[in-house]
Amino acid sequence: MHTTAPPRERTRPWFMLALGLFAQVAGTVAVTTPAFLLPLLTTEQGLSLGQAGLLVAAPSLGMVLTLIAWGALADAIGEHWVITAGLAVTALACLGAFLATDLVVLALFFALGGMGAASANAAGGRLVVGWFPARRRGLAMGIRQMAQPLGVAVAALVIPSLAAAGGLGEALVFPLAITTVATLLSALFIVDPHRPPAAAGATSGRPANPYRTSAVLWRIHLVSVLLVFPQFVVSTFALVWLITAEGWSPLAAGIVVGISQLIGAVGRIVVGIVSDRMGSRMKPLRVVAVAASLSMLALAAADVLGWPVLAAVVVVMASTITVADNGLAFTAVAELAGGRWSGRALGAQNTAQFLAAAATAPVVGGLIALVGFGGAFGVTAILPLIALPLVPMRDKMSGKSL
């Protein structure tokens, strides 16, 4: 006889998703706060752009150093205390930054904040995959992937105005407050999903390393790295391209880029729903790869034509398409790695993408200097085509279609 789950059990996965989403939004606010302090650091603090850039990069460096470690800890003890402990570290780092009187100490606290915030990135995806059935994971992970643009948007709205009104100290109160609230909510309400038993045949109770038994995860990581370049080319250079090459005012260009980020966040959810309906993460990923290449070619064509309205339309289109792969790849990595390896696998996925993103600005910036915006957009269009044949369509070990 069919039985309906109690209302509490039906809503609990969505509550866990909301908690995980807020945890990562809070961590993102803390990590991106230094970027929105640039005007204050270069004017009132008298730092050069290079010196201020080091402060901005410090949280990302901290995240890269600890993503896999947090994921491994989540695999070992669960998500609840990993997310809580990481956010507590970030909150304490924000307090330290608030009290710091030396710029070197400030940079160290920014880095420490990034190290703590990485816990929500690595364990948050594991939490979502653990609580949701396969038929809804694409949707759930698409919602969860909205955390980064939401966190950036919140920081962009709040931090500059606080810095302008009260200086560095007042600006740092907000990330301290939001990470403290997120720490308390995580400690009180996050519940670990059911942990699957160790795979049959595993020696000493230790699950088999999925990186040794198959190349599928390696291929998804590589595909994601190749697809990150177009994403960060658009997010990094679209604004300056619209202003310097297409004649848009800074305010109008900022509105276009902001709208494109919001549409891109919604697009991740739509692609996730499509993958649930298709019962496949890799088939939509191949479509996204082709579309990403075409969108970069469209940007190159718009640069050649020099039509400002077309440029704005193409920026929105490219921004939406080039972020659509994130949720698909994250969901696939967590599912294929299994419950006892997904934390480490998601940490590795994040680490690879962060490193690729860090390389995008200097590499593409130099390319723009050589061949212009249009040429750089055209070269970037090649990378998704390289990724296309690398997308795994079948797990050779299980024979399962991906």
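If amide H atoms are built 1.01 Å from N in the plane of the peptide, which residues on other chains or at least 5 residues away come under 5 Å of the amide H of Asp192?
His80
For the chain, what is the calculated [θ] at 222 nm in deg cm²/dmol (nearest 500), taking -39500 (n - 2.57) for each run of four or more DSSP H residues and dividing by its residue count?
That calculation yields -28000 deg cm²/dmol at 222 nm.
Would you work out which of Trp218, Val234, Ile263 lies farthest towards the positive end of the dipole of segment 171-326? Charges go on Cβ: Lys and Arg +1, Asp and Glu -1.
Toward the positive end, the furthest listed residue is Trp218.
Evaluate the distance, in nm, between pseudo-label points positioned 7 Å from the Cα of Ala369 and of Leu65 along their respective Cα→Cβ axes.
If labels sit at Ala369 and Leu65, their model points lie 2.9 nm apart.
From the phi angles alone, apply the Karplus equation (6.51, -1.76, 1.60; θ = phi - 60°) to segment 250-263 and give each ³J(HN,Hα) in whole Hz, x where the residue is Gly or Pro.
Couplings: x, 5, 5, 5, x, 5, 4, 5, x, 4, 5, 5, 5, 5 Hz.
Carbon and sulfur together cover what percent of the accessible area of segment 245-402 at a 1.4 Å probe radius?
74 percent
Using a Förster distance of 56 Å, how high is the FRET efficiency between Ile263 and Lys400, based on the Cβ-Cβ distance and rounded to 0.05?
0.95
What ranking of Arg10, Arg195, Arg212 comes out by heavy-atom accessible area, probe 1.4 Å, highest first?
Ranking Arg10, Arg195, Arg212 by accessible area, largest first, yields Arg212, Arg10, Arg195.
Working out 0.36 nm times the residue gap between Thr43 and Arg277, then minus their Cα-Cα distance, what length gain in nm do you get to one decimal?
79.0 nm
If each of Thr236 and Leu103 carries a label point 7 Å out from its Cα toward its Cβ, how far apart are those two points in nm?
Label-label distance for Thr236 and Leu103, simple model: 2.3 nm.
At Ala361 and His194, where each label point lies 7 Å from the Cα along Cα→Cβ, what is the point-to-point distance in nanometres?
Simple spin-label model gives 4.6 nm for this pair.
Need one word for segment 250-307: rounded, prolate or oblate. Basis is the Cα gyration tensor (sqrt eigenvalues a ≥ b ≥ c); a/c below 1.5 gives rounded, then a/b vs b/c decides.
Oblate is the answer for segment 250-307, as a/c is 1.5 or above yet b/c matches or exceeds a/b.
Taking a spot 7 Å from the Cα of Val287 along the direction of its beta carbon, which residues of segment 325-344 have an amide N less than 16 Å from it?
In segment 325-344, the label zone of Val287 (backbone N under 16 Å from the point 7 Å along Cα→Cβ) covers 325-329.
Rank Gly374, Gly247, Gly264 by mean-square fluctuation in a GNM of the chain with C-alpha springs under 10 angstrom and give only the top-ranked residue.
Most flexible of the set in this elastic network: Gly247.
Considering only protein heavy atoms, with the full assembly of protein chains and a 1.4 angstrom probe, order Trp81, Trp14, Trp248 by accessible area, largest first.
Putting Trp81, Trp14, Trp248 in descending order of accessible area: Trp81, Trp14, Trp248.
Springs between alpha-carbon pairs under 10 angstrom, Gaussian network model over the chain: which of Ala91, Ala302, Ala381 fluctuates most?
Ala302
Tabulate in residue order the Karplus-calculated ³J(HN,Hα) for segment 239-247, using 6.51 cos²θ - 1.76 cosθ + 1.60 with θ = phi - 60°, rounded to whole Hz; enter x for Gly and Pro.
For segment 239-247, the Karplus curve yields 4, 5, 5, 4, 6, 7, 9, 10, x Hz.
Taking only protein heavy atoms into account and a 1.4 Å probe, give the accessible area per residue of the chain in Å².
Value returned for the chain: 44 Å² of accessible area per residue.
Springs between alpha-carbon pairs under 10 angstrom, Gaussian network model over the chain: which of Gly169, Gly20, Gly124 fluctuates most?
Sorting by GNM fluctuation, first place goes to Gly169.
On the protein heavy atoms, probe 1.4 angstrom, tell me the percent of accessible surface of segment 1-111 carried by carbon and sulfur.
72 percent
For segment 324-402, which trypsin sites (Lys or Arg not before Pro) are both in a DSSP coil and crowded by at most 11 other Cβ atoms within 10 Å?
Lys396, Lys400
What is the gain in length, in nm to one decimal, between Met393 and Leu294 on full extension, counting 0.36 nm per residue of separation less the C-alpha to C-alpha distance?
Full extension of this stretch gives 33.5 nm more.
Using modelled backbone amide H atoms (1.01 Å from N, in-plane), which distant-in-sequence or interchain residues come within less than 5 Å of Trp248's amide H?
Sorted by chain and number, the residues that satisfy this are Ile243.
The values are calculated or read from the model by the stated rules, or taken from the named source; none is laboratory data. As the structure is a computational prediction, the values presented were derived from the model and not from experiment. Reconstructed Cβ throughout: ideal geometry from the backbone, glycine too, with neighbour counts over all protein chains shown. These area figures cover heavy atoms from the full protein model, side chains too; ligands, DNA and RNA do not enter into them. Shrake-Rupley method; radii C 1.70, N 1.55, O 1.52, S 1.80 Å.
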